[in-house]
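These notes concern the structure reproduced below.
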Amino acid sequence: MSQPKKAWSPASIASRVWSLIAVPILSILMAIVVGAIVIVLSSTLLLKQPMDLTLPITAYAALAQGGLGSYDAFVSTFVLATPLLLAGLGVAIGFKAGLFNIGAQGQFLMGAVGSVAVGVQMAHLPAVIAIPAALLGGMILGAAWGFVPGLLKAISGAHEVVTTIMMNYIALAALTWSVTGPLRQVGAAQPSTATVGAAALPIVLDRSGHIGIFIALAAVPIAWFLLYRTTRGFEIRAVGANPDAARYAGVKPRRLIVLSMSIAGMLAGLAGACTVLGVTHEVNASFSTTVGFDSITVALLGRSNPLGVLFAALLFGEMRAGAGPMQIHAGVPVELVDFIQALILLFLIANVVLRRLLRLRGIAGAEQTGFETITRSYGRETTV
Amino acid sequence: MDSLNSIPVIGIVLQLFEYLITALPFLAHVAVQLAVPICLAALCGVMCERSGVVNIGLEGIMLTCAFTGWFAGALFTGLLGRGTPTSLFGFTMPLLLAVGTAILAGMLMSLLHAWLSISVRADQIIAGAIINIMAIGLTGYLNTLLSTQELASTRSFTALQIPASVVGLPVIGGVINALFGQGPIGVATILIVIVFQIFLFRSRWGLRTRAVGEHPRAAETVGINVILVRYRNVVMSGALAALGGAYLSMEATNSFQAGMTQGRGFIGLAAMIVGRWNPVGAFGAALLFASSQAISQSINISPPAGDLGNLLKNVPPQFFDALPYLITIIVLAGLVGRSIAPAADGRPYERESAS
């Protein structure tokens, strides 16, 4: 982590920045190339169309156009990046504590349920009261969904990878239940909640740019401050880097695991709340999301650094915004974005190989991804 | 009995037992059916982790193979015609070729995981997560792309019909029907469990596998090639996960839906832990998780009468949907401390460099 102080020359700064971003950028580029190959091959082999080498270009142009092509598109990139940024920060804080939180999906869904439950109740109150209350409702339920796996890990050592996935499916059942049961709007043809009314987040940019964008952007420095400028943050990073050493230094790893998982859940819950209060304004039975896996990619691509997470979230917000136009204009299914996402991670994790292939070793040194601590605790009795 | 049933709480519990006992033949049969994919996932996990490689990507491998099996089935049916199914298990040429293709795909996916975890020495949980995301993306992409195409409709495997005279035997008849009144993959799973259990503890391969998973350094000293053993196990385990995926799209149904594995791979991992990394234990745990699903199905199909029925009518159906996952968490949290993983599980092995 700590490197010897160097003189601040422009060249040294540039080379440091390059060594940080070289692998992520090359991973993205290679994923795009492989994605293009898949587009051509799949349309030729499966749809039996003549081989069209320009199809990937059409597709990627539509993908870029849909997220950056106009002010409208640009705002929608930020709208879609908002939940990814919040949930991604949560996953990143988990990584810093040595926890792999695959539960952002469920925490997001519970955040949606919590915010809509409060929002519908307060739909006729002044917005000053309704909005914070509804956001808080989402944060609390999301935090609860992170707290449970954290507690289970701290008490019994049950690995969070399995328990958070189970919590995701339970969250889905809970969402369906609340939408078809207690929160269902009387008289609605399809199972759906009432709208959140006054609790809706005000639109401040263009047609869709709700104020949640700024909440998410504000979360970046807050997360950075928490991790790097507070005692708790230091302890979280210490537990993640070496739980044994942290314990000898007087840190209580069990408490920190519960705390980190709760914070992660709270952020993912806030992401769900922002999506409901800012975009959908209600929740129906088909409410679904890709935030769960996207936020993992965002955290890994951003190297669990809040600023890195911001850029990664914007990238994926852009891809999500452009995916629809891509399917419409080029006939390439939106799921390509998921595949590209996996490819980015693949190249990122195989960075040792990437460096060797591109002879990058000299530039970036023996820098690792920094996630070696995660599997240490898998299935073990209790490591904390 | 009726007077007992009217006692509050205890009466309901008695009625529940009564209901479960009358529904037992159905329950046992369905539970084994539902346990098959979970069990195959757990066996895949056992084979990997006994040699020291954590594989959470088996969910993705299952999903890919469910897709591959279904799609290859449609392709081969288009090429070869539907064929006449054999009376036993309903084998046809296209179906057999499709299962073979699915197994091949599973082994290829595992090879990727093996390469990432063993050669690249990447974090194995992240490598597995990547495989899961890739599987969701790729199968979703291809499935949407194919939704516009006319595909030949495939058959699915059929279950073994146990003769009525055997089923009629007291106790044993029911057990035989539950275990072996299944399709080919179901029956194969039960045989694999037994063979795997024996081989893991009674063969040279099993000894080497366990040595590599517990103490790779020591294993290397006595001349075992740690890297090779791990590669072989992970790639072989891909075939097991592939069977689990093929079961979903070729035996339980004859179609593919996006995300159809629904976390069964992860439940399988929990079954592996609860079953203490033993094939037979994993099968037992898979049965436990599956029986909660079977009970909810049974209540759905033939709801119990009386007070219990009235009580269950007020339970939302989503509760039963969530039940298997809930039970998985509870059992996992209760048992994990007493279930010890192979010592070198999840740790990449680095040869001591002599040079």
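Nothing in this text is a laboratory measurement; each read-out follows from the coordinates by a stated rule. Here the structure is a predicted model, which is why all the values come from computation and not from measurement. So basically every Cβ, Gly included, is an ideal-geometry build from the backbone, and we count neighbours across all protein chains shown.
Relative to the globular-protein estimate of 2.2 N^0.38 Å, the Cα radius of gyration of the range A:10-376 stands at 1.02. Each residue of the range B:330-335 is assigned a 3J(HN,Hα), and the resulting list reads 5, 5, 4, 5, x, 10 Hz, derived from the Karplus form 6.51 cos²θ - 1.76 cosθ + 1.60 (θ = phi - 60°), x at Gly and Pro. What does the C-alpha gyration tensor say about the overall shape of the protein assembly as shown? Classify as rounded when a/c is under 1.5, otherwise prolate if a/b is larger than b/c, or oblate. Rounded, since a/c falls under 1.5.
For A:LYS48, the aspartates and glutamates whose Cα comes closer than 19 Å to its Cα, not counting residues fewer than 8 places off in the same chain, are B:GLU150. Give the aspartates and glutamates whose C-alpha is closer than 19 Å to that of A:LYS96, dropping any in the same chain fewer than 8 places away, or say none. Straight-distance partners of A:LYS96: A:GLU160, A:GLU235, A:ASP244, A:ASP294, A:GLU367, A:GLU372, B:ASP123.
Please give the contour-minus-distance gain from B:ILE340 to B:ARG204: 0.36 nm per residue of separation, less the Cα-Cα distance, rounded to one decimal in nm.
Length difference between fully extended and current span is 46.7 nm.
Taking Cα atoms only, the orientation of helix B:24-50 departs from the longest principal axis of chain B by about 10 degrees.
Report, in whole Å, the centroid distance computed from the Cα atoms of the range A:258-275 and the range A:174-199. Going from one Cα centre to the other spans 22 Å. Helical content of chain B, expressed as a calculated mean residue ellipticity at 222 nm, amounts to -22500 deg cm²/dmol (DSSP H runs of 4 or more residues, -39,500 (n - 2.57) each, divided by residue number, nearest 500).
Counting only other chain Cβ atoms within 10 Å of each residue's Cβ, the peptide B:267-277 averages 2.
Largest GNM mean-square fluctuation across A:VAL113, A:VAL337, A:VAL298, computed for chain A with C-alpha springs under 10 Å, falls on A:VAL337. Mean separation of Cα pairs under 8 Å and 6 or more residues apart, divided by the residue count, gives chain A a relative contact order of 32 percent. Within straight-line reach of B:LYS313, meaning a Cα separation under 17 Å, sit the following aspartates and glutamates at least 8 residues removed in sequence or on another chain: B:ASP321. Across peptide A:150-160, the mean count of Cβ atoms from other chains lying within 10 Å of each residue's own Cβ comes to 4.
Listed values for the range B:121-135 are Karplus-derived 3J(HN,Hα) couplings in whole Hz (6.51 cos²θ - 1.76 cosθ + 1.60, θ = phi - 60°), namely 6, 6, 4, 6, 6, 5, 4, x, 4, 4, 4, 5, 5, 4, 5, and x replaces Gly and Pro.
Averaging the sequence gap over all C-alpha pairs within less than 8 Å and six or more residues apart, then dividing by the number of residues, gives the range A:28-137 a relative contact order of 12 percent. In order along the range B:293-307, phi translates into HN-Hα couplings of 5, 5, 5, 5, 5, 4, 5, 5, 6, 10, x, x, 8, x, 4 Hz, rounded to whole numbers, per the Karplus curve 6.51 cos²θ - 1.76 cosθ + 1.60 with θ = phi - 60° and x for Gly and Pro. What you get for the range A:10-376, charging only the Cβ of Lys and Arg (+1) and of Asp and Glu (-1), is a dipole of about 1080 debye around the Cα centre.
Under the simplified labelling scheme, the B:VAL280-A:VAL34 pair shows an inter-label distance of 4.2 nm, with each label point 7 Å from Cα along Cα→Cβ. Dividing the alpha-carbon radius of gyration of chain B by the rule-of-thumb value 2.2 N^0.38 Å gives 1.07. Across peptide B:138-147, the mean count of Cβ atoms from other chains lying within 10 Å of each residue's own Cβ comes to 6. Compared with the dominant principal axis of the Cα atoms in chain B, helix B:10-22 is inclined by about 70°.
Electrostatic tally near A:ARG229: other residues with Cβ closer than 14 Å to its Cβ, Lys and Arg +1, Asp and Glu -1, net +2.
About the Cα centre of the range B:175-311, what is the dipole size in debye to 20, counting +1 per Lys and Arg Cβ and -1 per Asp and Glu Cβ, all else neutral?
640 debye
Taking amide H atoms as placed 1.01 Å from N in the peptide plane, the amide H of A:GLY209 lies under 5 Å from those of A:VAL204, each 5 or more residues away in sequence or on another chain. What the Cβ-Cβ distance of A:PHE214 and A:VAL186 gives, at R0 = 41 Å and to the nearest 0.05, is a FRET efficiency of 0.70.
Here the residues A:HIS210, A:HIS159, A:HIS124, A:HIS329, ranked from fewest to most Cβ neighbours within 10 Å of their Cβ, fall in the order A:HIS124, A:HIS329, A:HIS210, A:HIS159.
In chain A, the DSSP-assigned H stretches of four residues or longer account for a calculated mean residue ellipticity at 222 nm of -23000 deg cm²/dmol, using -39500 (n - 2.57) per stretch and the full residue count as denominator. Among the helices of chain A, those built from whole DSSP H runs whose Cα atoms reach 18 Å or more along their own axis and whose mean Kyte-Doolittle hydropathy is at least 0.5 are A:10-45, A:55-68, A:71-96, A:104-121, A:127-156, A:160-180, A:212-229, A:253-275, A:306-330, A:336-349.
As a rough guide to protection, the peptides B:261-269, A:172-180 ranked by mean Cβ packing within 10 Å, highest first, stand as B:261-269, A:172-180. Amide H contacts for B:VAL53 (H built 1.01 Å from N in the peptide plane; partners 5 or more residues away or on another chain; cut-off under 5 Å): B:GLY346. The C-alpha atoms of chain B define a longest principal axis, and helix B:184-202 lies at about 50 degrees to it.
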